Amino acid sequence: MLFYDLIVTNISYLLLFICVLMSVAFLTLLERKILGYIQIRKGPNKLGFMGLFQPFSDAIKLFCKEMSYPVLSNYFLYFICPILSLFISLGIWILFPMVMNLINFNLGILFFLCMSSTSVYSIMLAGWSSNSNYALLGSLRSVAQTISYEVSLAMILLGLIMLIESFNLLNFYIYQKYIWFMMFALPSFFCWFSSCLAETNRVPFDFAEAESELVSGFNIEYGGGGFAMIFMAEYSSILLMSMMSVMVFMGGDYFSLMFFVKLIFISFLFIWVRGSLPRFRYDKLMYLTWKCYLPISLNYMFFFLGVVFLLK
């Protein structure tokens, strides 16, 4: 029986990862379409019905390209970093709170914080192992940015954890049965969403990949399959952050269709922000997290702590 359970669990995880990768493919198509219409032009529309097969064409093109590497690079780390980045971004999806055949564990939020922190190392090592000044500058920016915004992310989550007294994502769904946490913690939700943008290196916080300043940032020396893996890891993180936003702030009823509608809406917001806002200045980015988001998240944490004490 144990062997049978193990096989079913592994198959379930394999299906989950395949579904995430398919979602990543179509999220890239959605982004190109939305950005096209924002810029008053057509997105991809030639390959298949309305460009439906464009992501698969891009994937085949990237993975069939010849892999090149800089002569002075650290060869082993240079090749292992994109794989590590994709592995970490897919590994966090283990906390998706499914009851059927998948593991539902009580320390899901803690696991999320630990795994999202390790993603910094893959970016840092990718920039360093390329032995390129542009790549190193991009990776150093990204490390400083990600560590700073992880503090505010953790504080926002800690306040809500104090409110529900659990690290389990299922409890977020149970406690939001009648009212969403977003209703009485709207400033906290806005801080969370901005921190998610910074955590996934998206506009207006895309300092790791500032094309106008650093050519392409930490991934400048990558091409073909290596670039494709870094690209997939980034979009997998966007979907994960969208899922976490819905679970933590917007009800999180993952048995209903509305859960996935809300998830698509948050993913759409990521793209909409990219098409609308210019890049921040780097010192203002750091000012924003330490002087604005951290005090707000700390105030909410003490507020929720007071609410729990009053109710007891």
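Over the chain, what portion of Cα pair distances is larger than 26 Å, expressed as a whole percent? Tail fraction, whole percent: 49. Here each label is just a point 7 Å from Cα along the line to Cβ, and for Asn131 and Cys292 those points are 4.2 nm apart. With R₀ set to 41 Å, the beta-carbon distance separating Ile83 from Leu186 gives a calculated FRET efficiency near 0.55. Loop-located trypsin sites (Lys or Arg not before Pro) in the stretch 15-66 (DSSP state not H, G, I, E or B) with no more than 10 neighbouring Cβ atoms inside 10 Å: Arg41, Lys46.
In this calculation the C-beta distance from Tyr4 to Phe255 is compared with R0 = 22 Å, giving a FRET efficiency of 0.30. Using the Cβ-Cβ distance between Phe303 and Phe56 with R0 = 51 Å, the FRET efficiency computed as 1/(1 + (r/R0)^6) comes to roughly 0.60. In terms of the mean number of neighbouring beta-carbon atoms within 10 Å, the peptides 270-281, 240-251, 126-137 order highest first as 240-251, 126-137, 270-281. Across the stretch 273-285, coupling constants 3J(HN,Hα) worked out from phi with the 6.51/-1.76/1.60 Karplus curve, θ = phi - 60°, read 4, 5, x, 10, 10, x, 6, 6, 7, 5, 5, 5, 4 Hz, and Gly and Pro carry x.
Centre-to-centre, using Cα atoms only, the stretch 162-209 and the stretch 291-312 are separated by 15 Å.
Quick note: the coordinates plus some simple rules give every number you see, no bench work behind them. None of the values given here were measured: they were computed from a predicted structure. Virtual Cβ from ideal backbone geometry, glycine too; neighbours counted across all protein chains shown.
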